[in-house]
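First comes the structure, then the notes that go with it.
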Amino acid sequence: MLKIPTVALPSGRVMPIFGVGTWRMGESARHRADEVKAVRAAIDRGITLIDTAEMYGDGEAENIVAEAMGTGQNSRRDNLFVVSKVLPGNASRRGTIAACERSLKRLNTDRIDLYLLHWRGGPALGETIAAFAELKAAGKILDWGVSNFDIDDMRELASLDTANECATNQVLYNLTRRGIEFDLMPYCAKRGIPIMAYSPLEQARMLGDAVLKAVGQRHGATPAQVALAWLLRQKGIVSIPKATRLDHLHDNIAALDLKLSAEDLKTLDARFPSPKRATPLDML
Ligand SMILES: NC(=O)c1ccc[n+]([C@@H]2O[C@H](COP(=O)([O-])OP(=O)(O)OC[C@H]3O[C@@H](n4cnc5c(N)ncnc54)[C@H](OP(=O)(O)O)[C@@H]3O)[C@@H](O)[C@H]2O)c1
């Protein structure tokens, strides 16, 4: 069974540093069975972190996660760390609580391990955070966090009462999107807030890159494994690649065993330079 390292959350709980994403799942009935199979295969391989959202497939991705987790005696729920997200348009105090109840129902569970505000917008941030506190007190969510928050959003969050409970900022981060290294990443690191790197493969668009391929060839590894290993070696960074194809899933899991050398890192830095100045947060 896989042994995936964890990162500590401000609550004292821990989150695995590697999991699977589910965006684009639940969008077509034709692919549904394969999607359930992929999430179940991830669980069978020992992946415990699953990232989803009410937005994905209009709730259908959460249904897929529930099906993959199984029910009754066969349920794998207790071993898993499930992340879901409320849409900003639903994120008023009452709206957040209602959205969470709907997600719990679709996920067929009594609690969400980590519940995120998907992006800024909609009601005042204080309303959402107050709802998160209420949900947490009721045991319906075990931790809360944010997503797509740039440094100014994080500063605004810091001015609110329970901001020190924020358990993650889930943002776009991969070799081709290194902007957060300039300011957002150090800001979060200083406060012990792990970053969840979404689209860690740039939705597969980066995988044809010649340098990624060349670095992979040094290790007999694929470009996807190099891109993931580059993230996995960083403290406080959690990666959630999405794969419906089982060969992709197994490829990605093997990245946990790939150790990049100092020379590899130098080659990757030359091809994908770290930022020299502050840039606005990218979002997909
Ligand atoms: N908070 C947010 O706003 C936000 C935004 C975007 C994403 N996310 C989360 O982050 C997760 C991951 O991001 P993402 O889905 O956007 O993109 P991603 O994980 O970077 O890439 C997924 C794409 O790469 C392909 N792929 C996966 N592994 C591969 C491999 N080893 N070789 C070749 N191709 C491979 C997948 O194909 P197949 O599926 O066909 O296998 C899929 O098309 C999402 O699913 C979602 O849970 C959050």
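The values are calculated or read from the model by the stated rules, or taken from the named source; none is laboratory data. What you are looking at is a predicted structure, and each value in this text was computed from that prediction instead of being measured. Cβ coordinates were reconstructed from backbone atoms using ideal geometry, including for glycine residues, and neighbour counts include every protein chain displayed.
Determine which member of the set Ala270, Ala229 is surrounded by fewer than 13 Cβ atoms within 10 Å (Cβ to Cβ), more than 8 Å from the ligand (Cβ to nearest atom) and part of a helix (DSSP H, G or I).
None of the others qualify; the one that does is Ala270.
Could you look through segment 189-214, keep only residues that are away from the ligand (no atom under 15 Å from the Cβ) and assigned to a helix (DSSP H, G or I), and pick out the one that is nearest to Pro5 (Cα to Cα)?
Looking at residues that are away from the ligand (no atom under 15 Å from the Cβ) and assigned to a helix (DSSP H, G or I), I get Ala189.
Condition first: in a helix (DSSP H, G or I) and modelled with pLDDT of 95 or more. Can you find one or more residues in segment 106-120 that meet it?
Within segment 106-120 (the criterion being in a helix (DSSP H, G or I) and modelled with pLDDT of 95 or more), the answer is yes, since at least one residue qualifies.
Between residues in segment 108-133 that are of a type in the set (D, E, K, R) and residues that are at pLDDT 95 or above and assigned to a helix (DSSP H, G or I), which pairs lie under 7 Å by C-beta distance while being six or more apart or on different chains?
Correct list of pairs: Asp110/Leu104; Arg120/Pro88; Arg120/Asp153; Glu127/Arg93.
Using beta carbons and a limit of 7 Å, which pairs, at least six apart or on different chains, have the first residue in segment 206-225 and free of Cβ contacts under 8 Å to residues at least 24 places away in the same chain and of a type outside the set (Ser, Thr, Tyr) and the second one assigned to a helix (DSSP H, G or I) and more than 10 Å from the ligand (Cβ to nearest atom)?
Pairs found: Gly216/Val226; Pro223/Leu212; Pro223/Lys213; Pro223/Gly216.
Tally time: how many residues in segment 1-23 are assigned to a loop (DSSP other than H, G, I, E, B) and either more than 14 Å from the chain's Cα centre (by Cα) or crowded, with 21+ Cβ neighbours inside 10 Å (or both)?
Result for segment 1-23: 12.
Select from segment 250-265 the residues that are more than 15 Å from the ligand (Cβ to nearest atom) and surrounded by 11 or more Cβ atoms within 10 Å (Cβ to Cβ) and list them in ascending order.
Within segment 250-265, Leu260, Ser261, Asp264, Leu265 qualify.
Give me the pairs: first residue in segment 266-284 and within 11 Å of Ile180 (Cβ to Cβ), second residue within 16 Å of the ligand (Cβ to nearest atom) and small (Gly, Ala, Ser), beta-carbon distance under 6 Å, and six or more apart or on different chains, which are they?
As it stands, the answer is Pro275/Gly179; Thr279/Gly179, since those pairs meet every condition given.
Regarding Ala278, is this residue surrounded by fewer than 19 Cβ atoms within 10 Å (Cβ to Cβ), hydrophobic (A, V, I, L, M, F, W, C) and more than 28 Å from Val14 (Cα to Cα)?
Yes; evaluated as a whole, the condition is true for this residue.
Asp247: within 16 Å of the ligand (Cβ to nearest atom) and not in a helix (DSSP H, G or I), yes or no?
No; evaluated as a whole, the condition is false for this residue.
Anything in segment 19-53 that is within 12 Å of the ligand (Cβ to nearest atom), in contact with a helix residue (DSSP H, G or I) (Cβ under 6 Å, 6 or more places away or on another chain) and not small (Gly, Ala, Ser)? List them, or say none.
Val20, Thr22, Trp23, Met25, Glu27, Glu35, Val39, Ile50, Thr52
Take segment 45-83 and flag every residue that is of a type in the set (Gly, Ala, Ser), part of a helix (DSSP H, G or I) and closer than 19 Å to Arg24 by Cα.
Gly57, Gly59, Ala61, Ala66, Ala68
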